[in-house]
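Asks: Got a structure for you, questions after.
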Amino acid sequence: MSQKRTLTKYQEYSEGIINTVREPLITLDQDLRVVTVSRSFYEVFKVKPEETVGQLIYDLGNKQWDIPRLRELLEDILPKKATFDNYEVEHDFATIGRRIMLLNARQIQGVLGKERIILLAIEDITERREIENGLEKTRKELAVIKQSADEASEFAESVINTVREPLITLDQDLRVITVSRSFYEVFKVKPEETVGQLIYDLGNKQWDIPRLRELLEDILPKKATFDDYEVEHDFATIGRRIMLLNARQIQGVLGKERVILLAIEDITGRKEIEAGLEKTRKELEVIKKTADEASEFAESVINTVREPLITLDQDLRVITVSRSFYEVFKVKPEETVGQLIYDLGNKQWDIPRLRELLEDILPKKATFDDYEVEHDFATIGRRIMLLNARQIQGVLGKERVILLAIEDITERKEIEAGLGKAHEELTELAAELKRAARVKSEFLANMSHELRTPLNSINGFSEVLYDETFGPLNVKQKQYVNNVLTSGKHLLLLINQILDMAKVEAGKMKLALSSLPTKSLLNELTMLVADMVTKKKIEMLIEIAEDLPDIEADELKVKEIMYNLLSNAVKFTPEGGKIGMRANKAGSEIEIVVWDTGVGIAAENMGKIFEGFFRVDTPYSRVTEGTGLGLPLSKKLVELHGGKLTVESEGLNKGTLVRFTLPVVSRMGV
Amino acid sequence: MTKRAVVVDDNANNLMLEKDLLEVAGFEVFVAENASDAITIARKEKPDIIVMDVRLPDMRGTEAARILRQDKETSGIPIVFVTASVMGEGREEIINITNSGFIGKPINTRTFAKEISQFIK
């Protein structure tokens, strides 16, 4: 991605150059529509940006640009040559009159987001031409002067006066003899201040120029003639000027022994144009350099890309190959470039799908993406590749180039296949787990059913016997049948609690929520253990806060929790001890504490009390009295309501405190 | 008038327990150990109530109920299912049967006959 950014910067840079160049510049796409135009183009050719970009070049400025020579150049010459220099075009524009232009064009690949663009530099040389023509004329005229000087000095004088170029004749004391009209015009001096004056004194001594002195006093006496002596001078009246001086010493004309003819060419404007041209040339060079750099950059991109890349000519012979291509496909450069792609690596690349792609598909489509090819290479084994190709016109000195990017997706495919397999296995596993859960659920239901069926007889018949429905029992019989009934009921409790535990753990326990009048419910529940408390002479303390709110919970489950905890407290507290229950509001919950002064829990047993079937050995409890599931089940039921249950004990015989919370508003959403 | 009940249970002990409890409460009781016999007896005796187990050897009690409901002679007889299946399985099918009730095992012998009587109109 950073490479792409760099390329964009190049493009911006190029565009920047185009805009600063004085020379009008225009970029066209391959349909000859304007992509960008330099500022100077608008200024020189008086066209507006909104009428320009996207337009066919011939349509610009109200079809003023529909110039036969330009058509010839863009349509006939450029496609063949890709570049041309100094193509001269003369055209009469409706807005700016007759112009002579020098056109320079370059065809550039793949910049400014276009496949092919034409960079057209337009140099308006109309004025330069005029100057050049003028110079040529002057030179010719000078030649005429020279020729005729001996014979016809009058004629010479008239010539001097008609010449556009400022001309001045001096006598040997460097005083002005005659001056051409153009001299007055150009240098803003008056005839009456000129003739007879020392040249240095002209125009208020403006002409006292060291270089001129050197020329007239040192050089000319020795050489009699000199050409194109360049003098730069800052004139008070007309500013800094660059002049080209040409001088001749002529014997015996105009009635003088020796006359100096001095032609002064003001080349300031030309110099400026030349300087501008030079600058433009330099800038064009920079553009060219940038273009070259972009091309180099493109090549370096090819070489740095991880993806193997290969460029083929239209005969499918290898032009260039990226480093990674050599590395991935274990071929050597010397065996690669110039070879037919199918012959690479000992004909390993003769792949039917690749032939199909390069010979059938690409010629029709010019581009294709993500064409998957699987092939068994002799050197590197079976590979799955993703091919992307582009057909590109006129790069790397070839008419048509195929750029082929080869992505080796073998490993990715393997990973995908592995993922697919893993997914299948997971699906199977999930189904298996689901089946196992169903089997477990069915097993529990069956177990429940099978255990209850005989218990129905055991409990039923012993109850009927105990009730003496069919006749009286003696004391021993009655006691025995009571023992059977008690054991039967204990077994039923055990079955129910085991099944409840299994249900909670399987997430199958459903709560039947309703609004519970907490204060009356708790009072009522303490009555359930009242008999046991009285029997053991235990003191029971009930503290229910006045502001205890009603809660949303499953009534049967709350009763079960409270009964389990209260009966535990009674069971594990010796005669004469104390048990108690406190209920308070605690934020959005109620907190209930059930405590006793009984046997407590040794620190080492704290972790075991929730495991199930663990009962503290105590002289006050009998095995038949509990299932060992009351506390673990109560904890699960509290948690099912969204509360927490914790047990605290300072140690053996230090009593136990069970604290649990229940939310006022159920978070179960059932 | 003496209330008449058909009691169906494949467990002989439980069948005896239910029969005795109902007879003590003054019912005339007809017993069956499978659904087919129960249907035959019900059609013949047209009892005031049918007390039926759900898991029976020949068909489910709910299927027997569907057959009894389709027969004009027996369609109006209330059916009380007495079952050890208390974990929610098959509860839907029982609820969907009109004029029916549910008692879980183990039963409370002290209230059983009274509960059954409440289903008779």
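Asks: Hull surface divided by four, with the convex hull built on the Cα atoms of the stretch A:454-512: how many nm²? Numbers along the way, then the final one.
Replies: Numbers: hull surface 20.7 nm².
Averaging across all directions leaves 5.2 nm² for the Cα convex hull.
Asks: 5 Å is the cut-off here: which amide hydrogens, built 1.01 Å from N in the peptide plane, fall below it relative to B:Arg4, excluding neighbours closer than 5 in sequence?
Replies: Amide H neighbours of B:Arg4, under 5 Å, 5+ apart: B:Glu28, B:Asp48, B:Ile49.
Asks: For q = 0.11 Å⁻¹, what log10 I(q)/I(0) does chain B give under the Debye formula with an equal point scatterer on each alpha carbon and no solvent?
Replies: Result of the Debye calculation: -0.30.
Asks: In Å and on Cα atoms, what radius of gyration and Dmax does the stretch B:1-54 show?
Replies: Answer for the stretch B:1-54, Rg first and Dmax second: 10.2, 30 Å.
Asks: Size of the stretch A:382-532 along its principal axes in angstrom, Cα-based, largest extent first?
Replies: Cα extents, longest axis first: 121, 42, 20 Å.
Asks: Also, I was wondering about something else. May I ask you to sort A:Glu555, A:Glu334, A:Glu123 by Cβ crowding, counting other Cβ atoms within 10 Å and putting the fewest first? Write down the numbers at each step before the final one.
Replies: Details: A:Glu555 15, A:Glu334 8, A:Glu123 21.
Going from least to most buried by this count: A:Glu334, A:Glu555, A:Glu123.
Asks: Under 19 Å from the 7 Å Cα→Cβ point of B:Val24, by amide nitrogen: which residues of the stretch A:446-477?
Replies: Inside the label zone: A:454-477.
Asks: If you don't mind, another one. When the chain is fully extended, how far beyond the present Cα-Cα distance does A:Met606 get from A:Glu185, taking 0.36 nm per residue of separation?
Replies: Details: separation 421, 0.36 × 421 = 151.56 nm, distance 12.05 nm.
Result for the pair: 139.5 nm of gain on full extension.
Asks: What is the fewest-to-most order of A:Ile264, A:Ile96, A:Ile579 by other Cβ atoms lying within 10 Å of their Cβ?
Replies: Details: A:Ile264 22, A:Ile96 15, A:Ile579 28.
Going from sparsest to densest Cβ surroundings: A:Ile96, A:Ile264, A:Ile579.
Asks: If you line up the Cα atoms of the stretch A:407-450 on their principal axes, what length do they span on each, largest first, in Å?
Replies: Cα spread of the stretch A:407-450 along its principal axes, largest to smallest: 65, 6, 6 Å.
Asks: Of all the C-alpha pairs in the stretch A:302-459, what % are more than 29 Å from each other? Show your work: numbers first, answer last.
Replies: Working: 5169 of 12403 pairs.
Roughly 42 percent, rounded to a whole number.
Asks: Taking 2.2 N^0.38 Å as the expected size of a compact globular protein, what ratio does the Cα radius of gyration of the stretch A:209-253 give against it, to two decimals? Before the final figure, lay out each step's value.
Replies: Values: Rg = 12.0 Å, N = 45, 2.2 N^0.38 = 9.3 Å.
Here the Cα radius of gyration is 1.29 times the empirical estimate.
Asks: With the contact rule set at Cα under 8 Å and sequence spacing of 6 or more, what percent relative contact order holds for chain B? List each step's numbers first, then the result.
Replies: Numbers: 201 pairs, mean separation 28.3, N = 121.
Relative CO of chain B lands at 23 percent.
Asks: Let me ask another. Quick check on the stretch B:18-81: what does the Kirkwood estimate of hydrodynamic radius come out to from the alpha carbon pairs, in Å? The partial results should precede the final answer.
Replies: Numbers: mean 1/r = 0.0839 Å⁻¹.
In the stretch B:18-81 this quantity evaluates to 11.9 Å.
Asks: At 222 nm, what helix-only mean residue ellipticity would chain B give, in deg cm²/dmol to the nearest 500, using -39500 (n - 2.57) for each DSSP H run of four or more?
Replies: Values: 5 runs with 46 residues, N = 121.
Computed mean residue ellipticity for chain B: -11000 deg cm²/dmol.
Asks: Check B:Phe102: other-chain or 5+ apart residues with amide H under 5 Å from its amide H, H built from backbone geometry?
Replies: B:Phe81
Asks: Fewest to most neighbouring Cβ within 10 Å: what's the order for A:Leu212, A:Leu528? Could the numbers behind the result be given before it?
Replies: Details: A:Leu212 21, A:Leu528 13.
Ascending Cβ contact count within 10 Å gives the list A:Leu528, A:Leu212.
Asks: What is the mean projected area of the alpha carbon convex hull for the stretch A:545-591, to one decimal in square nanometres? Can you show the working numbers first?
Replies: Numbers: hull surface 16.3 nm².
Quarter of the Cα hull surface area: 4.1 nm².
Asks: Determine, from the Cβ-Cβ distance of A:Glu278 and A:Ile219 and an R0 of 45 Å, the FRET efficiency 1/(1 + (r/R0)^6), rounded to the nearest 0.05.
Replies: Details: r = 28 Å, r/R0 = 0.63.
After rounding, the FRET efficiency stands at 0.95.
Asks: Starting from the 7 Å offset along Cα-to-Cβ, what nm value, one decimal, do you get for the label separation of A:Leu198 and B:Glu115?
Replies: 14.8
Asks: From Cα pairs below 8 angstrom and at least 6 apart in sequence, can you work out the relative contact order of the stretch A:423-540, rounded to a whole percent? Could the numbers behind the result be given before it?
Replies: On the way: 33 pairs, mean separation 23.2, N = 118.
RCO, the stretch A:423-540: 20 percent.
Asks: Report the relative contact order of the stretch A:552-608, percent, no decimals, based on alpha-carbon pairs under 8 angstrom and at least 6 residues apart.
Replies: Working: 48 pairs, mean separation 17.2, N = 57.
Relative contact order of the stretch A:552-608: 30 percent.
Asks: Shifting gears a bit: Return the inverse of the average 1/r over all pairs of distinct C-alpha atoms in the stretch A:169-238, which is the Kirkwood hydrodynamic radius, in Å to one decimal.
Replies: Details: mean 1/r = 0.0783 Å⁻¹.
Mean inverse Cα-Cα distance, inverted, gives 12.8 Å.
We did not get these values from a lab; they are worked out from the coordinates using the rules stated. Quick caveat: nothing in here was measured; it's all calculated off a predicted structure. Ideal geometry is used to build each Cβ from the backbone, glycine not excepted, and the neighbour counts take in all protein chains shown.
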